[in-house]
Amino acid sequence: MAETMEIYDDRLRAIVPMDASLQKLANGAVHSEGPVYFHEDDSVIWSDAHGNRLLRWSPTENVSVIREPSDYQSGNYRDLEGRLVACSSGLRAIIRREHNGEWQVLVDRYQGKRLNSPNDLVVKSDRTIWFTDPPYGITEPNQGYGGEQEQPGSYVYRFDPATGEIDPVVTDMVRPNGLAFSPDERLLYVSDTAAFNIPGGPHHIRVYEVVDNRHVKNGRVFATIEPGQPDGFRVDEYGNVFTSSQDSVQIYAADGTLLGKIFVPEICANLTFGGKEHERLFITAGHSLYAIDLNTRGVQL
Ligand code: MG
């Protein structure tokens, strides 16, 4: 077993090779967040969220800055057309990079009032974009441009870029942050990182049943994450949840059992699956980007 791991349940052995080792691919960011993989050129794009830059790594070209300033871009994803879609904590908007390289704001308001500061997002197979909207870009000086909070709470929204329709789907969380669907998209997982700056606040992942592809019901706590916060996370093809935490990537079975940990030497903020076989886990942690090869694939594109 590699020294980077701890195993609490034998089911971990089927998904993490016991000789797997963590590789450091890049460093130099102020705060690495929001990785997304592009199979076309085997590259990872991620946010230097507090450094106000967008970075790219590829095995042949190493690291480059592809957008600066990035308006405090946070979570990144790709849509079904291969375009980069992202949360702009500074613009308080969901933005998209078109095929010609230009960025456009897709949505920045709900009921005529500005969003708080979208943090992370996922594109569903029906092309709708589901995103979290905590106020960190307003309250934290290194995550946005400040301003007034106009929304009464921190919600998870469903946005349809085809129609412009936007609706809150989760309204009972304190600081929703990361989110992901189960492989069949019948479950929506959302993390709450309120404990980051609210003493006694939640630091857990909740799970909701998805109804009619547009509502959720029966929310409950899936797992309480410690030490630290479950900032961003992903789900693999078997429904296992790979979440960031202070000391490691923690891996939970769909039944909520903690299977094990992959220790990371910096505070882990987010992760994504990629690689040619989609079995490589890319991890944004502290100033750096790491990778580890697994025996399971992510469900996202
Ligand atoms: Mg986040």
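Structural remarks
- GNM remark for the chain: springs join alpha carbons under 10 Å apart, and the peak mean-square fluctuation among Gly90, Gly164, Gly239 falls on Gly164.
- Net charge contributed by nearby residues that have their C-beta within less than 15 Å of Ser58 (K/R +1, D/E -1): -1
- The overall shape of region 5-293 is rounded: from the C-alpha gyration tensor, with semi-axes ordered a ≥ b ≥ c, the ratio a/c is less than 1.5.
- Among Asn116, Met5, Thr60 the positive-end extreme of the charge dipole of region 1-125 (Cβ point charges): Asn116
- Electrostatic dipole magnitude of the chain [Cβ: Lys, Arg +1; Asp, Glu -1; Cα centre; debye, to 20]: 400
- Derived scalar couplings ³J(HN,Hα) [region 265-278; Karplus, 6.51 cos²θ - 1.76 cosθ + 1.60; whole Hz; x for Gly, Pro]: x, 10, 5, 7, 9, 6, 7, 7, 8, x, x, 4, 9, 6
- Close amide H contacts of Thr193 (hydrogens built in the peptide plane, cut-off under 5 Å, sequence separation of 5 or more or a different chain): Arg175, Asn177.
- Across region 5-293, C-alpha contacts under 8 Å between residues 6 or more apart give a mean separation that, scaled by the residue count, equals a relative contact order of 17 percent.
- Gaussian network model of the chain, Cα within-10 Å springs - most flexible of Ser21, Ser88, Ser244: Ser21
- Tail fraction, Cα-Cα pairs, region 1-51, threshold 15 Å, whole percent: 63
- Each peptide in 206-213, 279-286 receives the mean, over its residues, of other Cβ atoms within 10 Å, and ordering these scores from highest gives 279-286, 206-213.
- 5 angstrom amide H check on Gly153, placed H, neighbours 5+ away: none
- Computed over protein heavy atoms with a 1.4 angstrom probe, the accessible surface ordering of Tyr37, Tyr8, largest first, is Tyr8, Tyr37.
- Here the contact order of region 1-151, divided by its residue count and restricted to Cα pairs under 8 Å and six or more residues apart, works out to 14 percent.
- Extension gain for Glu98-Lys276 works out to 61.7 nm (0.36 nm per residue, less the C-alpha to C-alpha distance).
- Given a 1.4 Å probe and the protein chains as shown, Trp103 ends up with an accessible area of around 70 Å².
- Relative contact order %, region 151-225, counting alpha carbon pairs below 8 Å whose residues are six or more apart: 21
- Ordered from highest to lowest accessible area with the whole protein assembly present and a 1.4 Å probe, His215, His204 read as His215, His204.
- Protein-only accessible surface at a 1.4 angstrom probe places the residues Glu140, Glu237 in the order Glu237, Glu140, largest first.
- Solvent exposure of Thr224, expressed as accessible area, is near 80 Å², computed with a probe of 1.4 Å over the protein chains only.
- Among Thr224, His278, Gly90 the positive-end extreme of the charge dipole of the chain (Cβ point charges): Gly90
- From phi via Karplus (6.51, -1.76, 1.60), per-residue ³J(HN,Hα) for region 124-135 in Hz, x at Gly/Pro: 7, 5, 8, 6, 6, 10, 10, 9, 9, 9, x, x
The values are calculated or read from the model by the stated rules, or taken from the named source; none is laboratory data. Just so you know, these numbers come straight off a predicted model, no measurement behind them. Every residue, glycine as well, gets a Cβ built from its backbone with ideal geometry; the counts of neighbours run over all protein chains shown. These area figures cover heavy atoms from the full protein model, side chains too; ligands, DNA and RNA do not enter into them. Shrake-Rupley method; radii C 1.70, N 1.55, O 1.52, S 1.80 Å.
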